[in-house]
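For reference, the structure discussed in these notes is given below.
The values are calculated or read from the model by the stated rules, or taken from the named source; none is laboratory data. Computed from a predicted structure; not experimentally measured. Don't worry about glycine lacking a Cβ; one is built from the backbone with ideal geometry, like all the others, and counts go over all protein chains shown. Accessible surface areas use protein heavy atoms only, side chains included; no ligands, DNA or RNA. Shrake-Rupley method; radii C 1.70, N 1.55, O 1.52, S 1.80 Å.
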Amino acid sequence: MRILLVKPHAQLLVPIRLQEGFLHLEPLELEIVAGGLEQEEEIKILDLGLVKKDQFTTFEKTTKLWQPDLVGFTGYSTNISAIKKLAEITKTINPNIITVVGGIHATLLPEDFYKSRIDIVVRGEGGLVLKEIVRRYKQGEPLFYDDVALTTQDPEFMIKAKTEPPAYPQVDKIPLPRRDLIDRSRYFCIWTSSDSGRLKTLFPQVASMRTSIGCAFSCSFCIIHHLMHRKYLQRQPIDVVNEIASLKEEYIYFLDDEMFLNNQRCQQIAELLLKRGIKKKYISWARSDTIVKHPEIFKLWKQAGLSTVYVGLESMDEAKLLEYKKRLPVETNRKAIAILKELGITLHAAFIVHPDFSEADFRRLEKETLALCPAEVSFTVLSPSPGTTFWNENMDKFICDPYYYYDCMHTILPTRLPLKKFYRHFSRLTELSLRANPLRVNKIKVPVKDFIRAIIRGTKYIISLQLIYRDYLPKKDD
Ligand code: B12
């Protein structure tokens, strides 16, 4: 059977597209789904984020040429309108092609695909589900089952769609990703830290991996607790280390929501890496309170190759941390920053810009950004995610089509400052963050061509942020 697995890119693409100039990770979700399928299937992964031209034309050409029996789409909420359009194109080419959608949005809000050209909506972990759908297809059985794979043909679709997402399977049952199905040279992440003061490249080829699923917290802006009910599923240390050892890339990005929650597990992984002499470099996310509780784990991980830790600091304002339900004080953020600095691990600080920011709030955040120096610093605009309580509470306030604009850069809530001014300040934050960047501060040597590439991409990105306000202006044909 011919199976085409597709990852679209966002609709309002300019800032996201330019963001991808610094980081473009492999479509691990589709590799895992492919990993569950039988060897005999013919599988193609199409990452439309890599396509320079119009994604719809590329998809149409590929589908006509390759003639799949089934097309499987993945996507975040920001990709939903693109997925619906791609499903439409699929059915126009050949109405017999089965269209399946999975991923974050499909899991949370399957009802959004009602009456679309999607046949089956898969909720939750997909590594074993597509295999079952394919088996049923071959046996001539109904393709939908339980609360995992729903079909819009089912008269009870809307009732089932409103139920809780299905429980995740045991982590050791989730298949390993089929990494061979993609052109690995296309995936990279900007790497600004170096212990030797020099880097062979600023944009190394990077592999991504997942060692745990879920998070024990329930921050208001996050969807994970809605998906997993605060369950935290963990892979065995030996299993994690074996996968790391099997990767040909030297640089690894961990996609876990919060990898370090279980300090004992993380200690075992680091010890195994050191014992087996596996020398790679890692990026991971961690909460600031995890770093503060277990600095010794980060010390050990530094020895094992941990280069950069992304920390959702979110804010340095007590009231905002409370509003976001972070369940930690600003002091913990400050302690975590100090610990990483002392250990020589690069901090990537992620801040949330609140739509109600005044000019004074922006200035305070500018100061905090510069004070972090040296650190990578990034910013998103507080945006309720579809499927969260936060979204439901704000539904009457949206200033635009919240699905189309949801990318955490375009605000969907009203801003206190006029939009033009808001985005001037927002882009200035990114501009300032470049001054705090470790590359510049630590005078790390990189090839000139990479340096120029970073400057050009950075400048384009900053300008695109400044111009976001234009996306809200009425179009000529409106
Ligand atoms: C790493 C990450 C990123 C990476 C990109 C990762 C990548 N692979 O390309 C970066 C940092 C670039 C990023 C950017 C953004 N991200 Co992000 N990201 C994540 C994170 C932490 C992990 C995602 C991941 O790859 N997980 C691993 C894969 C294997 O798991 P999975 O996607 O769930 O897939 C499984 C199942 O869902 C299912 N499945 C998935 N697809 C399919 C398809 C089929 C056919 C089937 C059958 C099954 C199936 O099976 C899969 C196999 O295990 C998630 C949090 C999370 N836990 O999801 C946030 C998350 C997905 N991101 C989010 C957001 C908002 C963004 C941004 C919009 C924010 C921003 N402006 O920076 C951008 C958008 C980028 C874009 N290109 O569109 C939100 C999305 C919320 C939503 N409602 O959609 C999340 C959920 C964070 C959150 N806590 O709210 N992100």
note = When region 133-148 is checked residue by residue, the ones that are modelled with pLDDT of 85 or more and within 15 Å of Thr107 (Cα to Cα) are Val148
request  = State whether the residues of region 372-388 include one that is modelled with pLDDT under 95, under 27 Å from Thr192 (Cβ atoms) and open to solvent by 20 Å² or more (accessible area, probe 1.4 Å).
outcome  = yes
query = Residues in region 453-476: is at least one in the same structural domain as Leu202 (by TED's automatic domain parsing), open to solvent by 70 Å² or more (accessible area, probe 1.4 Å) and among the aromatic types (Phe, Trp, Tyr)?
reply = no
request  = Please state which one of Phe390, Phe426, Phe398, Phe351 is within 16 Å of the ligand (Cβ to nearest atom) and within 27 Å of Tyr282 (Cβ to Cβ).
outcome  = Phe351
inquiry  = Can you find a residue that is out of contact with any Cys (no Cβ under 8 Å at 6 or more places or on another chain), more than 14 Å from the ligand (Cβ to nearest atom) and of a type in the set (Val, Ile, Thr) anywhere in region 169-188?
reply    = no
task = Could you tell me whether region 19-26 includes any residue that is modelled with pLDDT of 95 or more, near the ligand (Cβ under 10 Å from one of its atoms) and part of a loop (DSSP other than H, G, I, E, B)?
result = yes
Among (1) open to solvent by less than 20 Å² (accessible area, probe 1.4 Å); (2) of a type in the set (A, V, I, L, M); (3) within 9 Å of the ligand (Cβ to nearest atom); (4) under 21 Å from Pro386 (Cα atoms), the one test that Ala82 misses = (3)
query = Looking at this structure, is Leu25 touching a Pro at 6+ places or on another chain (Cβ under 8 Å), outside the structural domain of Ser212 (by TED's automatic domain parsing) and either open to solvent by 50 Å² or more (accessible area, probe 1.4 Å) or farther than 20 Å from Val148 by Cα (or both)?
reply = no
Every residue from region 1-18 that is surrounded by 22 or more Cβ atoms within 10 Å (Cβ to Cβ) and near the ligand (Cβ under 7 Å from one of its atoms) = Leu5, Ala10
task = Can you tell me which residue among Pro155, Pro142, Pro165 is within 11 Å of the ligand (Cβ to nearest atom) and assigned to a loop (DSSP other than H, G, I, E, B)?
result = Pro165
note = Of Thr99, Thr151, Thr90, Thr163, the only residue that is open to solvent by 30 Å² or more (accessible area, probe 1.4 Å) and without any contact (Cβ under 8 Å) to a residue 40 or more places away in the chain is Thr163
ask   = How many residues are within 21 Å of Pro402 (Cα to Cα), away from the ligand (no atom under 12 Å from the Cβ) and of a type outside the set (Phe, Trp, Tyr) if we restrict to region 111-131?
value = 3
query = Could you say whether any residue in region 60-76 is more than 13 Å from the ligand (Cβ to nearest atom), β-branched (Val, Ile, Thr) and surrounded by fewer than 16 Cβ atoms within 10 Å (Cβ to Cβ)?
reply = no
request  = Kindly establish whether Val134 is within 11 Å of the ligand (Cβ to nearest atom), free of Cβ contacts under 8 Å to residues at least 60 places away in the same chain and outside any loop (DSSP other than H, G, I, E, B).
outcome  = no
ask   = When you go through (1) open to solvent by 40 Å² or more (accessible area, probe 1.4 Å); (2) in a loop (DSSP other than H, G, I, E, B); (3) charged (D, E, K, R) one by one for Arg334, which number turns out not to apply?
value = (2)
message = For region 418-439, check the following and say yes or no: at least one residue is polar (S, T, N, Q), in the same structural domain as Phe362 (by TED's automatic domain parsing) and over 26 Å from the mean Cα position of the chain (by Cα).
response = no
note = Subset of region 42-91, residues within 20 Å of His24 (Cβ to Cβ), assigned to a loop (DSSP other than H, G, I, E, B) and charged (D, E, K, R), comes to Lys52, Lys53, Asp54
message = I need the helices (runs of 4 or more DSSP H) fully contained in region 193-303, keeping only those with at least 3 residues that are within 15 Å of the ligand (Cβ to nearest atom) and modelled with pLDDT under 95.
response = 224-228
key: Criterion violated by Thr107 - all others in (1) part of a loop (DSSP other than H, G, I, E, B); (2) within 7 Å of the ligand (Cβ to nearest atom); (3) within 19 Å of Lys160 (Cβ to Cβ) satisfied   = (1)
